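Trainee: Quick one: structure below, then a few questions.
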Amino acid sequence: MNPDEVTPPRTAMEQEVAQVWSEVLGLEPIGRDDRFADLGGTSLAAEKVLAHLHARLAVPTDAELLAGGPTLADLAGRIDERRRAHFRSGAATCVRLSDPTDPVAPPVFCFAGAGATGVAFLDLASALGPRRPVYALQAHGYTARALPSFTVRGHARRHLRDVLRHQPEGPYYLVGHSFGGHIALAVADLLAGKGHQVAAVVLLDTVLKETPHSSVADFRTGGAAAPPPLPERLRTHLRVLTAGVVQYDAPTQQAAFWERDVRAQNRHRVGAVPANAVVLVTDQNKDQETLWNQVPGVRIRRVAGDHYAVLSAPDPLRAIVQELTPGVRPTNSEPWEKQ
């Protein structure tokens, strides 16, 4: 492929789609006028593309998107249309990942991290098996228009309604990844305050220190770029205030919600912690062991991998499943009820 003959992607969505095509097909560069089949895309590869797009953008993806062999630009336009329609629909922020008719254990409620969606827990839902109900909760306003939450406690109060709607009585099993771990602890506190039994709170690489990184990309790579110039900081602040009521392009929307949640995390102080709470600390954030050791009642498990591998790598998933399996998880306490 001659790079000089490729018309590069123009919009943010075209860039997202091009990146997914490149990852699945192992090709680059990919132009906006390219067609998936012409690049050697098979039906199996098409399924992978749809799965990746769903995971990244949290919009419904199906074979209809690829009907007629659209160009990359056409496909990006179709996804943008669905994303706008989904946002206007006021769709629920509680995503049902597994809802068996014959469950063998109480549901698991998973709280997404900063700037993430409930799709992040698909691998965990699969690892828990087809007969364990799993619900994932994501920020209000991220994928469907709603007033956003600006504090950990604010997130928790709103998510509590969904938890109680799907499971009116305990015992409750809660999981939170990163920032979502703070929400899980706050929801546990609210449940216990209402007299409900909380059986397990599993925190996945949740950090107690402030997050100094100035962007999502900085955090993913472990770097910390210099602070952006004042005009960019002002634009970021405006997006943080308005994202949720306003829908930005996918990367900007993610960045705004990530920034908002990181600010909430940096202001938050951990309160009551269940005696049976456990935090899985990854190699990437091993310094967190020292900080979590200062929190009474929290058990710590080290797992291999990085901040995002904890959601999908086999060893961390086995550890999470063990913690969430009644009668199996290692614990020194009974299910928690607030005193």
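The values are calculated or read from the model by the stated rules, or taken from the named source; none is laboratory data. No experiment lies behind these values; they were computed from the predicted model shown. Using ideal geometry, Cβ is built from the backbone for each residue, glycine included, and neighbour counts are taken over all protein chains shown.
Trainee: So which of Asp205, Asp218 is at pLDDT 95 or above and not aromatic (Phe, Trp, Tyr)? Spell out the reasoning first.
Mentor: On the way: Asp218 fails: at pLDDT 95 or above.
Going through Asp205, Asp218 in turn, just one is at pLDDT 95 or above and not aromatic (Phe, Trp, Tyr): Asp205.
Trainee: Quick check on segment 34-53: of everything there that is acidic (Asp, Glu) and exposed (fewer than 15 other Cβ atoms within 10 Å of the Cβ), which residue is modelled with the highest pLDDT?
Mentor: Step one: filter segment 34-53 for residues acidic (Asp, Glu), giving 34, 38, 47.
Filter once more, so that each one left must be exposed (fewer than 15 other Cβ atoms within 10 Å of the Cβ): 38, 47.
Values: Asp38: 90, Glu47: 79.
Selected residue: Asp38.
Trainee: On the given criteria, is Arg318 at pLDDT 90 or above, charged (D, E, K, R) and under 25 Å from Ala272 (Cβ atoms)? Walk me through it before giving the result.
Mentor: On the way: at pLDDT 90 or above: yes; charged (D, E, K, R): yes; under 25 Å from Ala272 (Cβ atoms): no.
For Arg318, the condition - at pLDDT 90 or above, charged (D, E, K, R) and under 25 Å from Ala272 (Cβ atoms) - is not met.
Trainee: Among the numbered conditions (1) of a type in the set (Gly, Ala, Ser); (2) within 16 Å of Val321 (Cβ to Cβ); (3) crowded, with 18+ Cβ neighbours inside 10 Å, tell me where Gly129 comes up short.
Mentor: It fails just one condition, (3).
Trainee: Taking the criterion of being closer than 19 Å to Leu241 by Cα, in contact with a strand residue (DSSP E or B) (Cβ under 6 Å, 6 or more places away or on another chain) and crowded, with 21+ Cβ neighbours inside 10 Å, would at least one residue in segment 113-120 satisfy it?
Mentor: Yes, the conditions are met somewhere in segment 113-120.
Trainee: If you check Glu47, Glu23, Glu81, which single one turns out to be over 19 Å from the mean Cα position of the chain (by Cα) and more than 25 Å from Asp123 (Cα to Cα)?
Mentor: Only one candidate qualifies: Glu81.
Trainee: Here is a check on your reading of the model: is Gln284 surrounded by 19 or more Cβ atoms within 10 Å (Cβ to Cβ) and either assigned to a helix (DSSP H, G or I) or assigned by TED's automatic domain parsing to the domain that holds Lys209 (or both)? Lay out the reasoning, then the answer.
Mentor: On the way: surrounded by 19 or more Cβ atoms within 10 Å (Cβ to Cβ): no; either assigned to a helix (DSSP H, G or I) or assigned by TED's automatic domain parsing to the domain that holds Lys209 (or both): yes.
Answer is no for this residue.
Trainee: Against the condition more than 26 Å from Gln253 (Cα to Cα) and loosely packed, with under 13 Cβ neighbours inside 10 Å, how does Glu81 come out, does it pass?
Mentor: Numbers: more than 26 Å from Gln253 (Cα to Cα): no; loosely packed, with under 13 Cβ neighbours inside 10 Å: yes.
Considered against the rule, which asks whether it is more than 26 Å from Gln253 (Cα to Cα) and loosely packed, with under 13 Cβ neighbours inside 10 Å, Glu81 comes out as no.
Trainee: Which number in (1) of a type in the set (D, E, K, R); (2) within 22 Å of Gly193 (Cα to Cα); (3) in contact with a Phe, Trp or Tyr (Cβ under 9 Å, 6 or more places away or on another chain) marks the one condition that Arg269 misses?
Mentor: (3)
Trainee: Can you confirm whether segment 264-273 contains a residue that is charged (D, E, K, R), touching a residue at least 40 places away in the same chain (Cβ under 8 Å), crowded, with 20+ Cβ neighbours inside 10 Å and not in a loop (DSSP other than H, G, I, E, B)? Step through it out loud before you land on a result.
Mentor: Let us first name the residues in segment 264-273 that are charged (D, E, K, R), namely 267, 269.
After this cut, where a residue has to be touching a residue at least 40 places away in the same chain (Cβ under 8 Å) as well, the list is 267.
Still in the running and crowded, with 20+ Cβ neighbours inside 10 Å: none.
Among the residues of segment 264-273, not one is charged (D, E, K, R), touching a residue at least 40 places away in the same chain (Cβ under 8 Å), crowded, with 20+ Cβ neighbours inside 10 Å and not in a loop (DSSP other than H, G, I, E, B), which makes the answer no.
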